[in-house]
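My questions will all concern the structure given below.
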Amino acid sequence: MTLGVLAVLAMAFVMFAGFWTDWLWYRSVKYSSVFTTTLWTKIGLFAVFGLLMGLAVGLNIWLAYRLRPPLSAMSLEQQSLDRYRMGVAPFKKWVLLAVTVLVGLIAGASASGQWRTWLMWVNGVKFGQKDPQFGLDVAFYAFDLPWYRFLLAFGFAAAVLSLIAAALTHYLYGGLRITSPGARATAAATGHLSVLLGIFVSLKAVAYWLDRYGLAVKSSDFKATGNWTGLRYVDANAYLPAKTILFCIAAICAVLFFATLWRRTWQLPVIGFGLMVLSAVLIGGLYPAIVQKFQVQPNEQAKEAPYIQKNIDATRKAYAIDSTKPENYSGKSTVKAKDQLRTDADSAASYRVLDPNIVSPTFQQLEQKRKYYQFPTTLDVDRYQGRDTVIGLRELNIKGIPKRNWINDHFTYTHGYGAIMAKGTQTDANGSPVFTESGLPTTGDVGEYQQRIYYGEKTDQYSIVGGPQKELDYEENGEKTTSYKEKSGVSLSGAFNRAAYAVAFSEPQILYSGAIGEGSRILYNRTPKERVEAVAPWLTIDGDAYPAVVNGRIQWIVDAYTTTNGYPYASRTTLGDTTADSLTVGNQQRAVVAQQNQVNYIRNSVKATVDAYDGTVNLYQWDTQDPVLKTWMKAFPDTVKAKSEIDGDLMEHLRYPQDMFKVQRELLTRYHVTDPAQFYSGSDAWQVPDDPTNKDGNAVPPYYLSMKMPGDTAQRFSLTTTFTPNGRPNLGGFMAVDADATSKEYGRLRLLRVTEDVPGPAQVQSKLNGLPDVAQFVRDMKGADSDIQYGNLLTVPLDGGFLYVEPVYAQGRNALYPLLKKVAVSYVDADQPDGDTTKDTTVFEDNLTDALNAVFGVDAPTKPTTPPKDGTTPPAPTSNDAALKAAIADAQKAYDAGEAALQKGDWTAYGKAQEDLQDALQRAADAGAKLKSTGTSG
């Protein structure tokens, strides 16, 4: 008995340990309300629906037993069941209780999984937009309809289980007969089962009625559009009236079943049920097929046009692309003077020759410092001091620890150290990055900051810190040790917590190790994605968290989305497929969460941060109009901070998210067309081209860079992509979004429709590969036993044409990292009537400056210049020098004016001076970026 009790207690503690450690973790990150709200919602749904299902089934079993006929009236068939009745008789109460509890537990567990559906229904906020068919607010389809469908499914399950249980009980106790002559059922059994069948048919009537609204969010395959959501002609003119008719028939049939209580015969209900089934086949199946065949197909374009228009409008609004209208861009150069083209090319963009997708090994070899550090496979692009910067964190690599054991893995080696940064637009004379932040500890442009990285993308194991065991901080002229002093993580000072974590992590040493003592804390769930997903389980997380040094701390910035698949008429997309490209395939670090989630509404509604040192998670409301976010904020109050609380330093590093952009670009391959007839024909459909720099056949990724779109006077930090017509390699469109969160036009998508025949990325890459200089370079490199790696092929609109810039890297067999060796530049524009020779020029040079000079046929400057310390050779000063000096002078004047106004207390003048200062600094940054892009030392 004692052993049995101990075994039960041990099992109970094992189950409790998971719950307790979860509670401790949520409390440690100060999001305990998320845990309690979710927990109580699940418990409530489990209890209510488990109780309802158990009562429904148990009550009908009890009622069938009470309505059993007397034993004297039983047939020989029923008398043969005596042994079963006698076997059940002593335990009938326990059998009833067991069946009731079992179905209740199953139903309750299923219902608890609907906690999101319940919270969205009870907290739903109106969209303020109505569907074009029924005139109902979109919230009905997004929040209400899923809950009603769950209730309906639960009702069907309860009715079916009750019917089966009642029928078995009636049969066991003589109310139903199968083989005996005479009546097949007693009057009591007939009435009881008829009521249950009536309830089932009533629910079917409700299902038919809800199906009417479900047509607005129904997915189907439509050859003109592919994945289609919403009503088409046949839905509105055949299925919709058919559902209404079937609802009426089902309601009448249900009344006939209920009437059996008085008529004591199933004749009329059976006839009614047969009529309902026949009607479902004829009216719900055959009639729509006839309409489709003989009314729609002969003139499908005209019939479907109004519904296609509804789908176009809804889809564009649901994916926030409704304000994006293609701008015609001829692709013909508007400037004939080559020197003017060369000058304009300097200011068109800050050409990023340092490819963050290639130079990770370079960072690794030059800045790893120790084997137990590592950089991510793909680095990130951010902005520091007005320039595009490639950044990567030196995170802990547990596999590189010199001696692996439990103490080293979890106590000694606990964190990474430092953020490494390099100029995105420049390399040194050898082709290596020009670091602006480097070393161990790092030094550089960003000043002092907390360099320890306890939370990162590569940190997937737990660490125990703050106790008797010292941690290795870093090695520089000997080992430096540290002890974690923050309150992050969960305390292990108490024996109970240690026992709970020993069980939860299946690690008994946590319970008795002497390395754990007063002050010890356990850190886990340490990747930014894990932490944000845990505190906000209702968000979909972007695949690329990126680091930024903000106010002296390293912060992971995580973009998060609110989604629904219940936006009427909006076509659905699968996130995992839509966000896949040549960088994400095989790279789990950047794979989007919920790979197979189908959605038809998405908003980048939350910007989240995770502190790399103490793991603090902050959620900020970004889209203040999103009704889905407002709904979740009602469900989980005080978890999302207001947008106004975003710090100015943090705001400078926020950017437009890649996954959102990739979803929008995929939709815009079709939905840039707003005319139903043209949309139906597909004559102007586009595709996202394959990445021409690799042979995997995956989509080209979007690229971050600072650039100017046509009509802009200054560069904007942007996210860009190209389009090609379906089945053709030429350039069909170019899109860029203002990705700078500090910009007034942040999020503005600009789409250029190329109206003339301009070579696309694959054609430019093909021509590059065919150049004699490239062939010679490849032969030389292969002769030197080196591998060639093509970098990101950047596309920039320039004076009516397009400028392609591609860095080319080489890595020798014995070299540990690739170096920038060449830069390919191609300027392409459509044929012009006068046969302009600027058309389709491709060059292959040693550096960007030479390549830009060569592509426009401009001689390199002969004026001697002073080489910078990094060994690069800058071009001659241009007009950008004067612009920079003027901007600096204006900034000084504005600063002086502000100080004078501040002393006088003239706040109006002070505000004006601050605006002038900001404008001058922006102009200085732009001019500096232009100088950097050409390698000029400003």
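Within the range 604-630, work out how many residues are under 19 Å from the mean Cα position of the chain (by Cα) and either assigned to a helix (DSSP H, G or I) or small (Gly, Ala, Ser) (or both).
6
Please go through the range 530-574 and pick out each residue that is touching a residue at least 60 places away in the same chain (Cβ under 8 Å) and charged (D, E, K, R).
Those that are touching a residue at least 60 places away in the same chain (Cβ under 8 Å) and charged (D, E, K, R): Arg531, Glu533, Asp542, Asp544, Arg553, Asp559, Arg572.
Which condition does Lys480 not pass, out of (1) touching a Pro at 6+ places or on another chain (Cβ under 8 Å); (2) free of Cβ contacts under 8 Å to residues at least 60 places away in the same chain; (3) not polar (S, T, N, Q), if it passes all the others?
(1)
Name the residues in the range 468-492 that are of a type in the set (Gly, Ala, Ser) and closer than 13 Å to Leu24 by Cα, would you?
Correct list: Ser488, Gly489, Ser491.
Restricting to the range 794-831, count the residues that are surrounded by 24 or more Cβ atoms within 10 Å (Cβ to Cβ) and either at positive phi or in a loop (DSSP other than H, G, I, E, B) (or both).
Going through the range 794-831 one residue at a time, the tally reaches 2.
I'm told Tyr413 meets every condition in (1) without any contact (Cβ under 8 Å) to a residue 60 or more places away in the chain; (2) surrounded by fewer than 20 Cβ atoms within 10 Å (Cβ to Cβ) except one. Can you identify the failing condition by its number?
Single failed check for Tyr413: (2).
Being touching a helix residue (DSSP H, G or I) at 6+ places or on another chain (Cβ under 6 Å) and either crowded, with 23+ Cβ neighbours inside 10 Å or farther than 27 Å from Gln789 by Cα (or both), is that true of even one residue in the range 739-748?
yes
Within the range 299-337, can you find the residues that are in a loop (DSSP other than H, G, I, E, B) and small (Gly, Ala, Ser)?
Ala320, Ser323, Ser330, Gly331, Ser333, Ala337
Which residues, counting only those in the range 526-537, are buried (at least 22 other Cβ atoms within 10 Å of the Cβ) and assigned to a loop (DSSP other than H, G, I, E, B)?
Arg526, Ala536
Quick one: in the range 252-290, of everything that is among the aromatic types (Phe, Trp, Tyr), surrounded by 12 or more Cβ atoms within 10 Å (Cβ to Cβ) and outside any loop (DSSP other than H, G, I, E, B), which residue is modelled with the lowest pLDDT?
The extreme case among them is Phe273.
Residues to consider are Gly456, Gly444, Gly467; find the one that is without any contact (Cβ under 8 Å) to a residue 24 or more places away in the chain and in contact with an Asp or Glu (Cβ under 8 Å, 6 or more places away or on another chain).
Every option except Gly444 fails the conditions.
Taking the range 616-652 as the search range and keeping residues that are of a type in the set (A, V, I, L, M) and surrounded by fewer than 18 Cβ atoms within 10 Å (Cβ to Cβ), which one is nearest to Gly747 (Cα to Cα)?
Met651
Answer yes or no as to whether Leu176 is outside the structural domain of Val281 (by TED's automatic domain parsing) and either over 29 Å from Trp115 (Cα atoms) or touching a strand residue (DSSP E or B) at 6+ places or on another chain (Cβ under 8 Å) (or both).
Spelling it out, Leu176 is indeed outside the structural domain of Val281 (by TED's automatic domain parsing) and either over 29 Å from Trp115 (Cα atoms) or touching a strand residue (DSSP E or B) at 6+ places or on another chain (Cβ under 8 Å) (or both).
While we're on this one: So Thr343 passes all but one of these: (1) part of a loop (DSSP other than H, G, I, E, B); (2) assigned by TED's automatic domain parsing to the domain that holds Val828. Which condition number does it fail?
Against the list (1) part of a loop (DSSP other than H, G, I, E, B); (2) assigned by TED's automatic domain parsing to the domain that holds Val828, Thr343 comes up short only on (1).
Here is a further query. With the requirement that a residue be surrounded by 13 or more Cβ atoms within 10 Å (Cβ to Cβ) and farther than 21 Å from Leu731 by Cβ, what does the range 763-773 give you?
Asp773
Something else: How about the range 690-710: which of its residues are surrounded by fewer than 19 Cβ atoms within 10 Å (Cβ to Cβ) and at pLDDT 90 or above?
Matches in the range 690-710: Pro710 only.
Here is a list: Val606, Val599, Val585. Which entry is under 22 Å from Gln664 (Cβ atoms), modelled with pLDDT of 95 or more and not aromatic (Phe, Trp, Tyr)?
Val606
Among the residues of the range 240-249, is any more than 30 Å from Glu300 (Cβ to Cβ) and part of a helix (DSSP H, G or I)?
yes
Determine whether Val490 is surrounded by 19 or more Cβ atoms within 10 Å (Cβ to Cβ), of a type in the set (A, V, I, L, M), over 28 Å from Met11 (Cβ atoms) and not assigned by TED's automatic domain parsing to the domain that holds Asn408.
Answer is no for this residue.
Quickly run through the range 1-47 and pick out the residues that are surrounded by 14 or more Cβ atoms within 10 Å (Cβ to Cβ), closer than 20 Å to Ile106 by Cβ and touching a residue at least 40 places away in the same chain (Cβ under 8 Å).
Thr41, Lys42, Leu45, Phe46, Ala47
Quick one: would you say Val335 is at pLDDT below 90, touching an Asp or Glu at 6+ places or on another chain (Cβ under 7 Å) and among the aliphatic types (A, V, I, L, M)?
Spelling it out, Val335 is indeed at pLDDT below 90, touching an Asp or Glu at 6+ places or on another chain (Cβ under 7 Å) and among the aliphatic types (A, V, I, L, M).
When you check Lys293 against the structure, is it loosely packed, with under 14 Cβ neighbours inside 10 Å, of a type in the set (D, E, K, R), under 48 Å from the mean Cα position of the chain (by Cα) and in a helix (DSSP H, G or I), yes or no?
yes
The values are calculated or read from the model by the stated rules, or taken from the named source; none is laboratory data. All values reported here derive from a predicted model rather than from experimental measurement. Positions of Cβ are backbone-derived with ideal geometry, glycine not excepted, and every protein chain shown enters the neighbour counts.
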